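Worksheet: the structure to be examined is printed underneath.
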Amino acid sequence: MDFTTTWDDYKKVAAFFRGQDKPCQLALFDWEKAYQQIPTAPSQWPYLLTLTFDNKLLLNTRITFGGVVGCGSFGQPADGWKRIMMHKFNLVTIFRWVDDNLFVKEANSLANMDNIAARSAVLGVLTNKSKYSNFSNKQKFLGFIWNGQDKTVRSPIEKLQLRLEQMKAFLDPSRTFTFEKVETMTGQLVHVSYVFPQMRCYINGFYRWMNNWIFKNHPQSPPPPYILDDIHRWINTLSTHKTTRLITSPNPTNVGWAGDASTSFGVGVIVSG
């Protein structure tokens, strides 16, 4: 594409918090009707016409939500908006995911979201008031609760309870499951695994099940035995482990080892140093 867009995913946000040595405060800003705020070029207008039932032509001079062109051209104005906000206010950074924005500032910064929203409105970028939030220690972004004070992250409790109920349904031998339902469950577990990375190996069974699904329109019951084993592990983990975790580094850690025949165990692991 001709346009570059700076989306920030879980790994980028986690790496940032992991590297901070000072507590931070967080705030949310959501673009109001993001894709309808970006004007189109007149050269694009012939492709944005809609014929009505009474033979009239309607012209949409704004990018429609979800269009490939819309995603690309939205990126450049949004990136420019981010740079202006960073220049005008005392902020550490701004993370962006499509039209959701996580503002980060140091605890002693005087920046506030009322002034930020007012400045943004002057630029023609309105905020979604239902998703607008002032600076605090915790905010929900990318589907996770981030804590800038303690450098922790967790999945919302209600989401974890929903995942438990969904997985318990797979243990019912009388239930049938469509390919789409299994695919959705797999994606949801991938999302949870960002907080529980040790559970990623217990998602492979779902991919194996989908790979062996010959007729995708035909439901299956019961799930394969290897799926049931994985589900039991997931249920046990989400039911017994603490949901709040220290933000871990997304980068691999160099692990060394040393052999010593004089010890009873013979092998030593060097994690750092």
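The values are calculated or read from the model by the stated rules, or taken from the named source; none is laboratory data. Being a predicted model, the structure only gives us computed values, none of them experimental. Don't worry about glycine lacking a Cβ; one is built from the backbone with ideal geometry, like all the others, and counts go over all protein chains shown.
Scan the range 219-242 and tell me whether some residue there is modelled with pLDDT under 90, closer than 30 Å to Q149 by Cα and assigned to a loop (DSSP other than H, G, I, E, B).
There is at least one residue in the range 219-242 that is modelled with pLDDT under 90, closer than 30 Å to Q149 by Cα and assigned to a loop (DSSP other than H, G, I, E, B).
Considering (1) surrounded by fewer than 13 Cβ atoms within 10 Å (Cβ to Cβ); (2) closer than 18 Å to K242 by Cα, say which one I145 fails and leave the rest.
For I145, the exception is condition (1).
Residue under question is T186, and the condition is that it be among the hydroxyl-bearing types (S, T, Y), modelled with pLDDT under 95 and either assigned by TED's automatic domain parsing to the domain that holds N212 or out of contact with any helix residue (DSSP H, G or I) (no Cβ under 7 Å at 6 or more places or on another chain) (or both); does it hold? Explain how you work it out, then say what you get.
Working: among the hydroxyl-bearing types (S, T, Y): yes; modelled with pLDDT under 95: no; either assigned by TED's automatic domain parsing to the domain that holds N212 or out of contact with any helix residue (DSSP H, G or I) (no Cβ under 7 Å at 6 or more places or on another chain) (or both): yes.
So T186 does not fit the description; no.
Scan the range 80-97 residue by residue and report those that are farther than 20 Å from A15 by Cβ and surrounded by fewer than 18 Cβ atoms within 10 Å (Cβ to Cβ).
Pass one, the range 80-97, residues farther than 20 Å from A15 by Cβ: 80-81, 83-85, 87-90.
Listed by number, the residues that qualify are G80, R83, I84, H87, K88, N90.
Please work out if M167 is in contact (Cβ under 8 Å) with a residue 24 or more places away in the chain, surrounded by 15 or more Cβ atoms within 10 Å (Cβ to Cβ), not assigned by TED's automatic domain parsing to the domain that holds L28 and not in a loop (DSSP other than H, G, I, E, B). Walk me through it before giving the result.
Values: in contact (Cβ under 8 Å) with a residue 24 or more places away in the chain: yes; surrounded by 15 or more Cβ atoms within 10 Å (Cβ to Cβ): yes; not assigned by TED's automatic domain parsing to the domain that holds L28: yes; not in a loop (DSSP other than H, G, I, E, B): yes.
Considered against the rule, which asks whether it is in contact (Cβ under 8 Å) with a residue 24 or more places away in the chain, surrounded by 15 or more Cβ atoms within 10 Å (Cβ to Cβ), not assigned by TED's automatic domain parsing to the domain that holds L28 and not in a loop (DSSP other than H, G, I, E, B), M167 comes out as yes.
Scanning for something part of a helix (DSSP H, G or I), among the basic types (K, R) and either more than 25 Å from R18 (Cα to Cα) or out of contact with any Ser or Thr (no Cβ under 9 Å at 6 or more places or on another chain) (or both), does the range 120-129 turn up at least one residue? Reasoning before the result, please.
Filtering the range 120-129 for residues part of a helix (DSSP H, G or I) gives 120-122, 129.
Next cut, among the basic types (K, R) only: 129.
Adding the requirement that they be either more than 25 Å from R18 (Cα to Cα) or out of contact with any Ser or Thr (no Cβ under 9 Å at 6 or more places or on another chain) (or both) leaves 129.
Yes, there is a match, as at least one residue in the range 120-129 is part of a helix (DSSP H, G or I), among the basic types (K, R) and either more than 25 Å from R18 (Cα to Cα) or out of contact with any Ser or Thr (no Cβ under 9 Å at 6 or more places or on another chain) (or both).
With the requirement that a residue be surrounded by 15 or more Cβ atoms within 10 Å (Cβ to Cβ) and out of contact with any helix residue (DSSP H, G or I) (no Cβ under 8 Å at 6 or more places or on another chain), what does the range 233-248 give you?
R245, the sole residue that qualifies.
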